[in-house]
1. Hey, what did the chain get for relative contact order, percent, Cα under 8 Å, at least 6 apart?
2. Whole number please: convex hull volume per residue of the Cα set in region 129-266, in Å³?
3. Mind giving me the FRET efficiency for residue 142 and residue 30? R0 is 35 Å, r the Cβ-Cβ distance, nearest 0.05 is fine.
4. Where in region 220-250 does the label zone of residue 200 land, with the point 7 angstrom along Cα→C-beta and an amide N cut-off under 20 Å?
5. Report D for region 23-112 in µm² per second (integer): Stokes-Einstein, Kirkwood Rh on Cα pairs, 10 °C, 1.306 mPa s.
6. Express in whole angstrom the spacing between the alpha-carbon centres of region 68-100 and region 251-298.
7. Where does the chain land at 222 nm, in deg cm²/dmol rounded to the nearest 500, when only DSSP H runs of n ≥ 4 count, each adding -39500 (n - 2.57), divided by all residues?
8. Please rank 100, 267, 136, fewest neighbouring Cβ atoms within 10 Å first, as an exposure proxy.
Ligand SMILES: NC(=O)c1ccc[n+]([C@@H]2O[C@H](COP(=O)([O-])OP(=O)(O)OC[C@H]3O[C@@H](n4cnc5c(N)ncnc54)[C@H](OP(=O)(O)O)[C@@H]3O)[C@@H](O)[C@H]2O)c1
């Protein structure tokens, strides 16, 4: 029986619950593709699952909601063997075993063919990160070239990706961080941020004279009410992240909290949004060095515990990627 290495979660807990094990390589059905994974990115939703906040996920489970690699088997003929591909979501790493492995088996309909010569460390960083950034900017926030965009939680990997895409689109971009170090400002500016705002929890007071058309809220409910006050007339605020770790608002009074004519929405990308994301166009921009994508830290598969620890301690400053070879 052919086997593979995979990081398996048997119980909820700290990073150490992720155990490297040898498992059988899954066999694809006619509507599935077996992907030989070359690299995968880490996501905070996997952190929540590992901590036990995803009751719907049955254990043991190989986590990982995304993967990039090459087609190893494709009984239905939807893709050529050896074709470079990426996949994300659609139950991956939640309903069935996911990307923290050398192989994964997914629906062919949830796979994008890739045309790129970029290093797998970069390719592995992008499927979920760019899907998310692209989706909330264009689908939820309806970003236009003239918009002034505020990214609350600018140093998150998806916030850095959003800044790069929005800047390329022609927008004025401001990003927040709690960290006032010059290295943080340099990192943000390198990805296209025009204005760095130190987040003391009261950003609205700092931007009162020059509010924003579009606001991306990645910290969540702990800063949402303040972010709403940063929005200009008819502006849109989209909450899509929750690094602040608080899931609901206490005593939310919409008539007070939402300024006149301001729109409040959320974004939660799924398989449809993944398929709609122009990954090859974005990879081309990365290759041409017009879209700066920030890989924060790189780990090997047998360092998955350290990788999760780094994510939990917010030490990556960009996407955490695990090449499998
Ligand atoms: N909706 C979707 O489709 C979707 C998809 C992917 C991710 N997401 C969400 O997007 C968010 C960002 O994910 P990510 O993986 O990009 O995050 P990440 O890179 O792990 O974010 C790390 C950053 O978060 C900030 N941070 C951490 N704890 C904080 C707190 N308590 N208050 C304020 N800032 C805090 C820190 O910034 P500073 O220290 O610089 O302040 C840190 O640099 C997550 O909530 C994730 O679940 C959503």
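1. Computed value for the chain: 19 percent relative contact order.
2. Here the figure is 97 Å³ per residue.
3. FRET efficiency, residue 142 to residue 30: 0.35.
4. Only 222-231 fall inside the zone, counting backbone N under 20 Å.
5. Roughly 123 µm²/s, to the nearest whole number.
6. Cα centroid of region 68-100 versus Cα centroid of region 251-298: 23 Å apart.
7. -6500 deg cm²/dmol
8. By the 10 Å Cβ count, ascending, the order reads 267, 136, 100.
Bear in mind that the values in this text are calculations on the coordinates, not laboratory data. In this text, all values refer to a predicted model and were calculated from it rather than measured experimentally. Positions of Cβ are backbone-derived with ideal geometry, glycine not excepted, and every protein chain shown enters the neighbour counts.
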